[in-house]
Amino acid sequence: MSVSGKKILIAVSGGIAAYKIHFLIRDFVKKGADVQVIMTPDAEQFVTKLSLSTLSKKPVYSDFYGENGTWNSHVELALWADVMVVAPCTANTLSKMVHGMCDNLVIATYMSAKCPVLIAPAMDLDMYVHPSTKKNLELAESFGHTIIPAESGELASGLIGQGRMAEPSTIYNVVEKYFQEELHSNNFEGKTFLITAGPTYEAIDPVRFIGNHSSGKMGFSLAEEAAKRGAKVILISGPSAQTIIDPNVDVYRVTSAKEMLAKVFEFYDKIDIGIASAAVADYAPKEVAKEKIKKNDENLTIELVKNPDILKTMGEKKKHQFLVGFALETQNEEENAKGKLAKKNLDMIVLNSLRDEGAGFKNDTNKIKIFTKTEKVEFDLKSKDDVARDILNFVESQLLK
Ligand SMILES: Cc1cc2nc3c(=O)[nH]c(=O)nc-3n(C[C@H](O)[C@H](O)[C@H](O)COP(=O)(O)O)c2cc1C
């Protein structure tokens, strides 16, 4: 996914970080974006129009008044843009933006813009933490703008702390993510997802169980992302501390594999996409003791019997549903995942390996590989929210085939 063909308006104000903006412009242009730069009069003290226009391949404006009595139309510039990025955003420009002090081309353009506005503040340490800056950033956020927070490190003044403008690569990623989300928003409207999440607990007696370390995070992130994209989501979760508040997600809490199976098949016929991310226990005690087992004996043997294979049953009963399974493997990962894909009649399988640091259970991050019958795609280590986005992008690409 890239910014190719997107119209990006970059507004530069008068901070020392303005020199970094060249890298951002270069990267956008390289990826095929249409970049228009405007700047405050003060920004001209820091960077030249010549370098900015060379990189953006367009004239750069800093004034309302053009040559020979012409007008640099802030209205046209504002309406042209798909997104406006104010970077670096000085304390002064931020204050003018949120209070409507419209005394230069950047502010007039900003106030005429209908597109999303992203703000990358850059200030010296004490300016950044000043109550007025904090208040103005809060106000900007309340207007619906995205703040790309300043980073910590050595500042131009020699002080060390927060205030450095986010790196151009960070700003680039935020812009790219915005276009990605825009592209995928509401693309699952009219579709119903069934997602399983979390572990299952298999009772030994009234107080003990056999379980596993699954936190449910991956399944909840998937449910949230699918709902964000317009889907109706039925989330069936084993015991998990995760919560979700989204009117498009109906959460059903279950405990054991048998309960999960029963709940899945209450809905299975009506769903379009099934994602089985729950870590279902393979075995359960044959008998559940009615009373708490006392520690009288030196050894205790619990006989285990195989639990129903929920995903396999979903595969067997598959009609129109698109089915996604998860595989968590510790050895022969790819082979096992591909075997599961075929054996369980899945359309796609997501493999996470416990060998990868930061992947799998409990972590907030995950590193996955996706397999279909014909494809294999590898992803970097990412937050589970970003992984959920990758998985749903992939599901979408498969459904469009
Ligand atoms: C060398 C130098 C560096 C500056 N760096 C910053 C900065 O990083 N952030 C900031 O808010 N102001 C900074 N300022 C102050 C702004 O340039 C000043 O507030 C100016 O009026 C901003 O105008 P503008 O917001 O219209 O571009 C700096 C000033 C100088 C002289």
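The values are calculated or read from the model by the stated rules, or taken from the named source; none is laboratory data. Keep in mind that this is a model prediction, so the values were computed, not measured. Note: ideal-geometry Cβ built from the backbone for every residue, glycine included; neighbour counts use all protein chains shown. With ligands, DNA and RNA removed, areas are computed over all heavy atoms of the protein, side chains included. Shrake-Rupley method; radii C 1.70, N 1.55, O 1.52, S 1.80 Å.
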I need every pair where a residue in the range 374-386 that is assigned by TED's automatic domain parsing to the domain that holds Glu334 has its Cβ under 8 Å from the Cβ of a residue that is among the basic types (Lys, Arg) and outside any helix (DSSP H, G or I), sequence separation at least 6 or different chains.
Lys376/Lys369; Val377/Lys369; Glu378/Lys369; Phe379/Lys367; Phe379/Lys369; Asp380/Lys367; Leu381/Lys367; Lys382/Lys367
So which pairs qualify, if the first residue must be in the range 92-108 and farther than 15 Å from His130 by Cβ, the second must be near the ligand (Cβ under 7 Å from one of its atoms) and open to solvent by 30 Å² or more (accessible area, probe 1.4 Å), the Cβ gap must be under 7 Å, and the two must be at least 6 apart or on different chains?
Asn104/Pro41
Condition met for Ile349 (surrounded by 12 or more Cβ atoms within 10 Å (Cβ to Cβ) and in contact with a Leu (Cβ under 6 Å, 6 or more places away or on another chain))
yes
Checking Pro59, Pro131 in turn, the sole residue that is open to solvent by 70 Å² or more (accessible area, probe 1.4 Å), more than 29 Å from the chain's Cα centre (by Cα) and within 16 Å of the ligand (Cβ to nearest atom) turns out to be Pro131
For the range 31-42, state whether one or more residues are surrounded by fewer than 19 Cβ atoms within 10 Å (Cβ to Cβ), at pLDDT 95 or above and outside any loop (DSSP other than H, G, I, E, B).
yes
Look through the range 109-126, keep the residues that are surrounded by fewer than 19 Cβ atoms within 10 Å (Cβ to Cβ) and among the hydrophobic types (A, V, I, L, M, F, W, C), and return whichever of them is nearest to the ligand (Cβ to nearest atom).
Leu125
State whether the residues of the range 151-160 include one that is within 15 Å of the ligand (Cβ to nearest atom) and either more than 30 Å from His22 (Cβ to Cβ) or crowded, with 18+ Cβ neighbours inside 10 Å (or both).
yes
Which one of Lys306, Lys340 is among the charged types (D, E, K, R), within 20 Å of Gly274 (Cα to Cα) and without any contact (Cβ under 8 Å) to a residue 60 or more places away in the chain?
Lys340
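To keep it simple, each residue is scored yes or no on (1) in a loop (DSSP other than H, G, I, E, B); (2) in contact with a Phe, Trp or Tyr (Cβ under 8 Å, 6 or more places away or on another chain); (3) assigned by TED's automatic domain parsing to the domain that holds Tyr19.
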{"position": "Val47", "(1), (2), (3)": "yes, yes, yes"}
{"position": "Leu52", "(1), (2), (3)": "no, no, yes"}
{"position": "Pro59", "(1), (2), (3)": "yes, no, yes"}
{"position": "Asp63", "(1), (2), (3)": "yes, no, yes"}
{"position": "Asn68", "(1), (2), (3)": "no, no, yes"}
{"position": "Glu76", "(1), (2), (3)": "no, no, yes"}
{"position": "Leu79", "(1), (2), (3)": "no, no, yes"}
{"position": "Val85", "(1), (2), (3)": "no, no, yes"}
So Thr54 clears everything in (1) under 24 Å from Ala166 (Cα atoms); (2) surrounded by fewer than 22 Cβ atoms within 10 Å (Cβ to Cβ); (3) touching a residue at least 12 places away in the same chain (Cβ under 8 Å) except one condition, right? Which one?
(3)
Tell me the residue from Ala203, Ala226 that is buried (at least 22 other Cβ atoms within 10 Å of the Cβ) and modelled with pLDDT of 95 or more, please.
Ala226
Lys290 out of contact with any strand residue (DSSP E or B) (no Cβ under 8 Å at 6 or more places or on another chain) and open to solvent by 30 Å² or more (accessible area, probe 1.4 Å):
yes
Inside the range 318-340, can you point out the residues that are of a type outside the set (S, T, N, Q) and within 18 Å of Leu194 (Cα to Cα)?
Lys318, Lys319, His320, Phe322, Leu323, Val324, Gly325, Phe326, Ala327
